[in-house]
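Undergrad: I'd like to ask some things about the structure below.
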Amino acid sequence: MSKFEQMANEIVKNVGGKENIEAVTNCMTRLRFTLKDVNKANAKAIKSIKGVQSVVNKNGQFQVVIGTDVPEVCAAIKKLGSFSDTVETAKEKTSVINRVLGAITAIFQPIIPAICGAGMIKAVLALLTAAHLLATDSTTYQLLSMVADTAFYFLPVYLGVSSAKFFKMNTFVGGLLGAMIIHPTFSTLVASGNPITFFGLPVKAVGYGSSVVPAILIIWFASYVEKFANKISPKSVKVFMVPLITTIVSAVVGFVALAPLGSYVGQLLYYIFEFLNNEVRWLIPVVMGGLCPLFVMTGMHYSFVPVQLAQYATLGYGTLLGPGMLTSNLSQAGACFAVALKTKDKDKKQTAISAGTTALFGITEPALYGVTLPMKKTLGCVMASGAIVGLFAGITNMRTYASATAGLTALPVYICDDLSNVRNAAIAMVASIVISFVLTYLFGGIDDTKKEEVKNETKKETTTLNKFEEIASPVEGKVVALSEVPDEVFSKEAMGKGIAIEPASGEVVAPFDGTIQAIFPTGHAVGIKNENGVEVLIHIGIDTVELEGKYFTANVKNGDTVKKGDVLVKFDIEKIKEAGYNTITPVIITNSSEYLDVIETHENKVNKLDTLLKVFK
């Protein structure tokens, strides 16, 4: 039995067995499951399997992070049973926003290899022509360019098939509906400039080649039409009646309403891109460069792909994913190499070298889960480096001209008539590695043997420490370990050490005398700092930012001075739960890296202002 088959057997066993798997597929680094009952999955056991980096349960998908070996493991799993490859979100358990993001991710995942492959062909062509090794008027260049353009021009067809799989309708009818909006006859009608009507209804004269939204909207509508057609069609004629009704109804509604609606979305995105590129071109690369690790944790980075493709379709180049992800990914590599150089732990050194090398080529999950995330200061250095070099990328207007995995091999996608673009990309690559390396080496909190021994000693209750501060509980309720919070940003201590509370009442009070450092407009989170510099974040619920302030009432504003016990925020627990959100409330010492240790209470329940945490200086 190969190591991949062994991993497959262990993973399947610990997700609840073959009978608990509805669907399984993989992206570049992780397995993605739709499970019948996610409570049957043993995440702890799966994490202990050799070769598994981490486990993420997000947007209704149970994800097992493996790394570059994931295609082999996925293939081995599929040999164990007849599993669907259409992984989707659990609609009854997730918010509308998460369902939409999950749908976009699931629809685009099967298409990404074709887009990346075509993008790299374009990059190679740019490289060959820049080096004068291939003439643009040669048939070889024209044919290769045609092959690369095919992936983008016929994107509505691919989306038709992929969307049909996701929405559970006939895939070939989906492909037909995606293809109709780019058929040469329709393109000719658009080019003629004459009015177009369909059964007397006006049709907007728009070209849909390389479009993203129209096909998805049409297939989503068609999936409901097909279900209706199945109900009303007699069994004897269902084989042709269902596709007939589905195709005609969807074609009319698609051409008259849904495809134009998609084009309006594209125009809106164009104006947004133009504004961002002209007024605040630095913003997107800074945000993406700094926050990319958090997006990768949740798989949310795939949700940006449609917007990136819309950029290519409207502007001819992309700034959303490429520059920011490039700086972030190579910052992961630089941090790993700094850890490998400085640590005395042989296992950590080997892991860091391997993960850093992989990150150089744009695959960062091994680096994120194996090295930087467990070392919070190191992750902070990575995010700082990504944002700093992202600022350079934004100021110099770095842009990509094709899709590729953001690593060293992506340099050709920056080649264009303006050679400064590829030069700036090369500078950004080097700067990301160097800045992250230096920051991590100096400030990354790389724990060697002696430091680990000191840290472990501080956790013993019998150890006498010179000074500590008590942090009172801002909420009453059941105490929960931070590792049990269903959000890896908190459970992995990416924001800092702390604890969580399942609130028994909808009121948050000040845990000490201090100053309000941040109160989110939505009221779901508040940051407070005391006179000794301890910074506390109180985050009410998981993903509750999506409620946009509904059910929250903030009693304070930024800069307010408060006394211990003052009411900061009131919230409606029952309404939040009815909206489908978990109200578990993490209480985080966001600058815990500045302290020797943070010790949690041993009580199972706390009242407001009971001692919750002890912060040791």
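The values are calculated or read from the model by the stated rules, or taken from the named source; none is laboratory data. These numbers come from a predicted model, not from an experiment. Using ideal geometry, Cβ is built from the backbone for each residue, glycine included, and neighbour counts are taken over all protein chains shown. Note: areas computed on protein heavy atoms with side chains; ligands, DNA, RNA excluded. Shrake-Rupley method; radii C 1.70, N 1.55, O 1.52, S 1.80 Å.
Undergrad: Give, in nm to one decimal, the length gained when the segment between residue 561 and residue 232 is fully stretched (0.36 nm per residue of separation minus the Cα-Cα distance).
TA: 111.8 nm
Undergrad: In nanometres, what is the gap between the two model label sites at residue 350 and residue 271, each 7 Å from Cα along Cα-to-Cβ?
TA: For the pair residue 350/residue 271, the computed spacing is 5.8 nm.
Undergrad: Just want the answer: with Cβ charges of +1 for Lys and Arg and -1 for Asp and Glu, which residue in 585, 192, 336 is farthest toward the dipole's positive end in the chain?
TA: Of the options given, the answer is 192.
Undergrad: Give me the accessible area per residue for the stretch 318-431, probe 1.4 Å, as a whole number in Å².
TA: With all protein chains present, the stretch 318-431 gives 33 Å² per residue.
Undergrad: Now for a separate question. Once phi is turned into ³J(HN,Hα) by the Karplus curve 6.51 cos²θ - 1.76 cosθ + 1.60 with θ = phi - 60°, what whole-Hz value does each residue of the stretch 322-331 show in order, with x for glycine and proline?
TA: So the Karplus estimates, Gly and Pro as x, are x, x, x, 5, 4, 5, 5, 4, 6, 5 Hz.
Undergrad: In what sequence, highest mean first, do 514-523, 246-255 appear when ranked by Cβ atoms within 10 angstrom? Could the numbers behind the result be given before it?
TA: Numbers: 514-523: 17.8, 246-255: 20.3.
Descending mean neighbour count gives 246-255, 514-523.
Undergrad: Among 576, 71, 315, flag the residue with its Cα farthest along the positive direction of the charge dipole of the chain, charges on Cβ as +1 for Lys/Arg and -1 for Asp/Glu.
TA: The one lying farthest along the dipole's positive direction is 71.
Undergrad: Let me ask you something else. From the phi angles alone, apply the Karplus equation (6.51, -1.76, 1.60; θ = phi - 60°) to the stretch 252-257 and give each ³J(HN,Hα) in whole Hz, x where the residue is Gly or Pro.
TA: Couplings: 5, 5, x, 5, 7, 10 Hz.
Undergrad: With a 10 Å radius around each residue's Cβ, average the other Cβ atoms per peptide and rank 361-373, 231-243, 61-73, highest first.
TA: 361-373, 61-73, 231-243
Undergrad: How many Å² of accessible area per residue for the stretch 126-265, probe 1.4 Å?
TA: So the stretch 126-265 comes to 53 Å² accessible per residue, rounded to a whole number.
Undergrad: On to the next question. With a 1.4 Å probe and every protein chain left in place, tell me how much accessible area residue 48 has, in Å² to the nearest 10.
TA: 90 Å²
Undergrad: While we're on this one: Give me the percent relative contact order of the stretch 517-617, please, defined on Cα pairs under 8 angstrom at least 6 residues apart.
TA: With pairs under 8 Å counted, the relative contact order is 26 percent.
Undergrad: At a 1.4 Å probe radius, carbon and sulfur cover how many percent of the accessible area of the stretch 115-183?
TA: Ligands and nucleic acids excluded, carbon and sulfur give 71 percent.
Undergrad: Please arrange 133, 217, 326, 189 by accessible surface area, largest first, computed with a 1.4 Å probe and ligands excluded.
TA: The residues order as 133, 189, 217, 326, largest area first.
Undergrad: Further question on the same structure: Which log10 I(q)/I(0) values does the stretch 499-595 give at q = 0.15, 0.18, 0.19, 0.22 Å⁻¹ under the Debye formula, counting every alpha carbon as one identical point scatterer?
TA: Results for the stretch 499-595 at q = 0.15, 0.18, 0.19, 0.22 Å⁻¹ read -0.54, -0.77, -0.85, -1.11.
Undergrad: Using a cut-off of under 18 Å, list every residue of the stretch 507-528 whose amide N is near the label point 7 Å from the Cα of residue 470 along the Cα-to-beta-carbon line.
TA: Taking a point 7 Å out along Cα→Cβ of residue 470, the residues of the stretch 507-528 whose backbone N falls under 18 Å are 509-514.
Undergrad: Using a 1.4 angstrom probe and counting only protein chains, how large is the accessible area of residue 539 in Å², to 10?
TA: Accessible area of residue 539: about 30 Å².
Undergrad: Let me have the 222 nm mean residue ellipticity of the chain computed from DSSP H runs of 4+ only, each contributing -39500 (n - 2.57), with the sum over all residues rounded to the nearest 500.
TA: Estimated from H runs of four or more residues: -15000 deg cm²/dmol.
Undergrad: Report, ordered by chain and residue number, the aspartates and glutamates lying within cross-link reach of residue 564, taken as a straight Cα distance under 17 Å and ignoring same-chain residues fewer than 8 apart.
TA: 469, 470, 476, 507, 513, 531, 535, 610
Undergrad: Calculate how steeply helix 96-108 sits against the longest principal axis of the alpha-carbon atoms of the chain, using the helix alpha-carbon long axis, and give the answer as 0 to 90 degrees to the nearest 10.
TA: Result, in degrees: 50.
Undergrad: What trypsin sites (Lys or Arg not before Pro) does the stretch 340-426 have in DSSP loop regions with at most 15 other beta carbons within 10 Å?
TA: Those satisfying the criteria are 344.
Undergrad: Here's something else I'd like to know. Would you mind working out the magnitude of the charge dipole of the chain relative to its Cα centre, with +1 at each Lys and Arg C-beta and -1 at each Asp and Glu C-beta, to the nearest 20 Debye?
TA: 1060 debye
Undergrad: Any idea what log10 I(q)/I(0) is at q = 0.12 Å⁻¹ for the chain, Debye with uniform C-alpha scatterers and no solvent?
TA: -1.39
Undergrad: State the extension gain, in nm to one decimal, for the chain segment bounded by residue 419 and residue 136, taking 0.36 nm per residue of separation less the distance between their alpha-carbons.
TA: Numbers: separation 283, 0.36 × 283 = 101.88 nm, distance 1.76 nm.
Result: 100.1 nm gained on full extension.
Undergrad: Hey, how much of the P(r) for the stretch 535-574 falls beyond 17 Å, as a percent of Cα pairs?
TA: Numbers: 268 of 780 pairs.
When every Cα pair of the stretch 535-574 is considered, 34 percent fall beyond 17 Å.
Undergrad: Would you mind classifying the stretch 1-85 by shape? Square roots of the alpha carbon gyration tensor eigenvalues, ordered a ≥ b ≥ c; an a/c under 1.5 is rounded, otherwise it is prolate if a/b is larger than b/c and oblate if not.
TA: rounded
Undergrad: Gain in length, residue 395 to residue 570, computed as 0.36 nm per residue apart minus the alpha-carbon separation, to one decimal in nm?
TA: Result: 58.8 nm gained on full extension.
Undergrad: I've got another one for you. Output needed for the stretch 118-162: three equivalent-ellipsoid semi-axes, defined as square roots of 5 times the C-alpha gyration tensor eigenvalues, in descending order, whole Å.
TA: Details: eigenvalues 128, 21, 5 Å².
Computed over the stretch 118-162, the values are 25, 10, 5 Å.
Undergrad: Also, quick follow-up: I'd like to check one number: the per residue accessible area of the stretch 503-617, probe 1.4 Å, reported in Å² as a whole number. Present the calculation step by step, with values, prior to reporting the outcome.
TA: Working: 5360 Å² over 115 residues.
The answer is 47 Å² per residue.
Undergrad: Still on this model: Relative contact order of the stretch 185-290: what whole-number percent is it, with Cα pairs under 8 angstrom and at least 6 residues apart?
TA: 29 percent
Undergrad: Using a probe of 1.4 angstrom, how much of the accessible area of the stretch 272-391 is carbon and sulfur, in percent?
TA: Details: 2630 of 3950 Å².
Carbon and sulfur atoms account for 67 percent of the accessible area of the stretch 272-391.
Undergrad: Check each of the trypsin sites (Lys or Arg not before Pro) in the stretch 543-595 and keep only those in coil by DSSP with at most 16 other C-beta atoms within 10 angstrom; list them in order.
TA: Numbers: sites: 550, 557, 563, 564, 570, 575, 577; in loops: 550, 557, 563, 564.
Of the trypsin sites (Lys or Arg not before Pro), the ones in loops of the stretch 543-595 whose Cβ has at most 16 other Cβ atoms within 10 Å are 550, 557, 563, 564.
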